[in-house]
Structures are given as structure tokens and as C-alpha cells.
Amino acid sequence: MPGRVLSVASEYVPLVKTGGLADVAGALPGALRGQGWDMRTLIPAYPGLIAKAGAKVVVWSDPDLFGGPAQVLAGQVAGTDVLLLDAPHLYDRKGGPYGDPGDFPDNAKRFAALSWVAAQIARDGLPDGWLPDILHGHDWQAGFAPAYLRFSGDTRVKTVMTIHNIAFQGNAPAAMLGALRLPIEAFNSDTLEYYGHLSSLKAGLATADAITTVSPTYAAELMRGDFGMGLEGLIAHRSADLYGILNGVDDTVWNPETDPEVKPYGKTTLKRKAANRDALLAEFGLQDTSGPLAIVVSRLTDQKGIDMIVDTAADFVGMGGALAILGSGEQRLEEAMKDLVKAHPGKIGLRIGYDEALSHRMFAGGDAVLVPSRFEPCGLTQLYGLRYGCVPVVALTGGLADTVIDANPMAQQANVATGVQFHPVDALAFGQALRKLMELHADSKGWAAMQKRGMSQALGWDTSALAYAQLYESLTA
Ligand code: ADP
């Protein structure tokens, strides 16, 4: 029977976003409502969020939450219930959710506090009688939430931890054990301890009833030394409780027929995509070309394989391709991107920064989206690419492996290909994939058919929501 879920996250679309976690946390409540599950989400009240969510009703308070007064205010955003943890000593700061630039030095405490409050609300419920059956934590920021519940002796509330990216583990010095209200007995290698430190993600993975991650392939990869980042042993040990559930795409936000940033088109009016391509070329100051206009919308980090784009870009534009890049991240990669633009004016365009609206225009105008990630738990940009007829060129890893069908000879024969995949994940194989992209693009009939197949793929949240609902039901049965 459907019940109630307290979701705990550090980001939430449309309130605060730095990456895919925000999209998922924001989309889940609406998607689960269709399955009968009632989800409320606890997030930190970063500056301005209380007003944005119109949150007025105080539903929880504590005069001393890890060093200062705190309260939780209930609000609504885009028809979903949010609980905002207002603790000015922890969250009322300039910069992004984690610091800007660099991390805030007290992040371990900031998110332990979020997890602490989540555990309290999960156990005791809210004044309106809302009592959760499930606590669902996202990433390291919520890792201590299932742990606090277990340490308090509660077994009524079932707990789920979702790994969106294992690269971020929330490590803190062991000396903080007491300050973070963690019991000394839990400081062992089966629970909290990670190479002499505390790890909030590990705590969550060790104590939650179930673990999910955002694609079946990433679930399998996480049990291996080359992907598990030190937690592979624990995850393999918990493999019976591990589930890979793909993220979906929010169709109300990502739909080329209704997107306000886009000159509308769909799979039956695909020719109209050309106007978006022209506009994008103009916006990036690029010359027209008969080759594919490829886009990159990404954090500029090694994880995302941005160095491989640097290594292959000259060949790609030499073959007649054009490249429009939107991203921000590591300075060395930003510099490398700027050098590319200088070396190939009119063929490579760049915007450094984060620009949601521009990203929509890029998927609408682009012929192909490049995602050469070294690891990719699920990945959203290849999904947006599929949705917008912007053919994905992806590394064969994680969610990229699960969502794109490579245009290999058999898939071509069976007319099922939706993109290009490459493996091993290095610049040589990526270069080959770009060559294949050129060939595929040159066959305009085959290309349009591939775009339409991608646009027809079911990418919404329905399937994923059903999988989460089934998991919740299995835990509460
Ligand atoms: P990750 O969460 O690892 O960064 P995902 O592909 O799961 O990767 O999610 C990234 C999200 O952030 C997508 O919605 C993508 O469109 C968006 N995004 C990334 N960089 C930018 C940017 N510079 N401007 C606008 N949106 C961006």
C-alpha cells in the first residue's frame, strides 16, 4: 500500500541546482504522486528560498542545532511539498550550496545537521499528523540521516539511500564524531570509518535498508575497484539490497514542442529544428557548415572527459564539424577551452558559466551532444539530446550505456540505433566516434530516422517512479 516518504536532499529544482541531483529530487515527488506515494522533501533554507517557497508555517524547531537556533518551515513549490531547514548559522551565506569558490570548511556539520533534522522528523512526524514510512536520502549530504535513525534505535521507518555520484563522499576528520552527534561504537570499518576519517556516504550505505543508484550499469560498476572509489567492498557486500533505477526527464520542462526557449518542433515537424540551428550558430558566432553542429553542456571536469574534447576538437572541425560549448568548472579546462576558440574562430564557440535557458536553445539547435564521461551515474544531457533530436555521442559507461543504442552494424540493420557509443573511454576511441558521427550525419535520411527514434524513446519519469514505488512497497510490506 502506498504511504509517505520524507526525501532529504541538498538541491531541489526549481529552488536550487548545481547538477542532476537537483533535477531528480525535484521531479520525484510529482512522479511518485502518480503511484499514490506522498513525498515531502527536506532541504536547507539557503538565502531566498523561504520567500520563493512561500514557507510560513513552522513545523519543527530547536534552539541548538549544531551551534545555533533552527526551525523547519513548510512550503510549496510547483505543487510539491518542501520543508525548509532554516538555520542561519549554517545556511545563510553567500555562494553556492557548498561554497563558492571551494567548499565551506564546515560542510560536514552543515549537512550532518540536515540529516539530524531529517531523522527527527522521520521518527516523530510533523504537527499535522504526517508520519513518514520511508526516509529517502540523496548522496553524502543525507548520508547520516539513516544512520542517526538506526543509532536512535528506530526500526519503524525504512530507509533508502540513493547514490547520484560516488565521487563525493562527505569525509570529515574522525575528531568530529562527538560534534556530529555520532556514537563512538559506530566508528568502525563496517559503518562510519573510511581510512581513518568519517564518511557520511558510507554511513548511509551501511545503515540504509536499501541502496539505489541512478542506472543499472552504474550499480554494477560501483561494485568494482575502478568505479567504487573505495566503497566497492561495502556496496558488493550489500548487492542484494542494491537497485539501479534510471532517472527520467521532466517532460513539462524538456519538450521541444512546448519549450519557451525554442522555435517549436517535434518528430513530425523535425524540419523546423533547422531554425533553431541557425539561431544557435548566430548566437555562438559560428559559420554555417554542412557537417554536424555538436554541443557540450557540462561541468568542465575530468569526470566529464572534457580533456578528450580538447584533444579531438581540431580533427572534428577539420572534418567540417562545428562545436558550441557551455560549461564551467576547473580553471585549467576553462583555459583549454578558451585556447580552442582562439585556434578555431568561427568553428568553435564557448560560453563559460551556468545558463539554463541557453542550454535549452543548445539542445534545440544542436545536431549532436557530446558526453565523453569517464564515469556517468545516469547523465541527463544525453536524455535531453534524445528528446530534442540532438544525437548523443557517449562513452560506454553508467547511464550512458543504458540509455543510448549505438549505431553499430546490427543496430543499424535493425533500425534501432539512437546515437554513438565508444569504448574504451579515451581520446582515440572518442575520435573514432566523432568520425562515425560525421558519416552518420552525411546520410540525411538515416540521420533523420535516428533523430526520430531518439525523440520517440520513452524517457519520462513514469517507469522510474514505478520502480521507486515498488521498492518502497517491498520495504514497508
Ligand atoms: P552532473 O549532475 O554530474 O553534473 P548530469 O548530466 O546528471 O551531470 O546533470 C547535469 C545537469 O546540469 C543537466 O541538467 C545539465 O543540462 C545541467 N548543466 C550542466 N552544466 C550546465 C551549464 N553550464 N549551464 C546550464 N546547465 C548545465
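A few comments on the model shown:
- Each residue in segment 2-18 was checked for being at pLDDT below 95 and either more than 16 Å from the ligand (Cβ to nearest atom) or on the phi > 0 side of the Ramachandran plot (or both), and 1 pass.
- Qualifying residue in segment 21-28 (condition: more than 22 Å from Asp355 (Cβ to Cβ), away from the ligand (no atom under 16 Å from the Cβ), touching a residue at least 24 places away in the same chain (Cβ under 8 Å) and crowded, with 22+ Cβ neighbours inside 10 Å): no
- Taking the numbered list (1) more than 18 Å from Pro256 (Cβ to Cβ); (2) more than 12 Å from the ligand (Cβ to nearest atom); (3) not in a strand (DSSP E or B) in turn, Val393 passes all entries but (3).
- Top-ranked residue of segment 285-303 - restricted to ones that are free of Cβ contacts under 8 Å to residues at least 60 places away in the same chain and more than 12 Å from the ligand (Cβ to nearest atom), ranked as surrounded by the most Cβ atoms within 10 Å (Cβ to Cβ): Thr289
- Segment 245-284, residues that are of a type in the set (A, V, I, L, M), over 22 Å from the mean Cα position of the chain (by Cα) and buried (at least 21 other Cβ atoms within 10 Å of the Cβ): Val262, Leu280
- Hits in segment 396-425 - residues which are polar (S, T, N, Q), under 19 Å from the mean Cα position of the chain (by Cα) and in a loop (DSSP other than H, G, I, E, B): Thr397
- Some residue of segment 171-180 being within 16 Å of the ligand (Cβ to nearest atom), closer than 30 Å to Asp226 by Cβ and not aromatic (Phe, Trp, Tyr): no
- Candidate set from segment 446-477 (those that are outside any helix (DSSP H, G or I) and open to solvent by 70 Å² or more (accessible area, probe 1.4 Å)); member that is farthest from Asn415 (Cα to Cα): Ala477
- Pro101 meets all of the listed conditions (1) at pLDDT 95 or above; (2) out of contact with any Lys or Arg (no Cβ under 7 Å at 6 or more places or on another chain); (3) open to solvent by 40 Å² or more (accessible area, probe 1.4 Å) but one, namely (1).
- Hey, Arg374 open to solvent by 30 Å² or more (accessible area, probe 1.4 Å), under 30 Å from Gly137 (Cβ atoms) and either in a strand (DSSP E or B) or at pLDDT 95 or above (or both) or not: yes
- Residue match in segment 43-54 (condition: closer than 30 Å to Leu400 by Cα and open to solvent by less than 30 Å² (accessible area, probe 1.4 Å)): yes
- Options Ile306, Ile352: the member that is open to solvent by 10 Å² or more (accessible area, probe 1.4 Å), within 13 Å of the ligand (Cβ to nearest atom) and β-branched (Val, Ile, Thr): Ile352
- Helices (runs of 4 or more DSSP H) fully within segment 188-244 counting 1 or more residues that are within 18 Å of the chain's Cα centre (by Cα) and crowded, with 16+ Cβ neighbours inside 10 Å: 200-207, 216-221
- Contact map, segment 340-365: residues that are within 22 Å of Lys452 (Cβ to Cβ) and among the basic types (Lys, Arg) paired with residues that are more than 9 Å from the ligand (Cβ to nearest atom) and open to solvent by 10 Å² or more (accessible area, probe 1.4 Å), Cβ distance under 6 Å, separation 6+ or inter-chain. Pairs shown: Arg361/Glu261.
The values are calculated or read from the model by the stated rules, or taken from the named source; none is laboratory data. All values reported here derive from a predicted model rather than from experimental measurement. As a convention, Cβ positions derive from the backbone with ideal geometry for all residues, glycine included, and neighbour counts pool all protein chains shown. These accessible areas exclude ligands, DNA and RNA; they are computed on the full protein's heavy atoms, side chains included. Shrake-Rupley method; radii C 1.70, N 1.55, O 1.52, S 1.80 Å.
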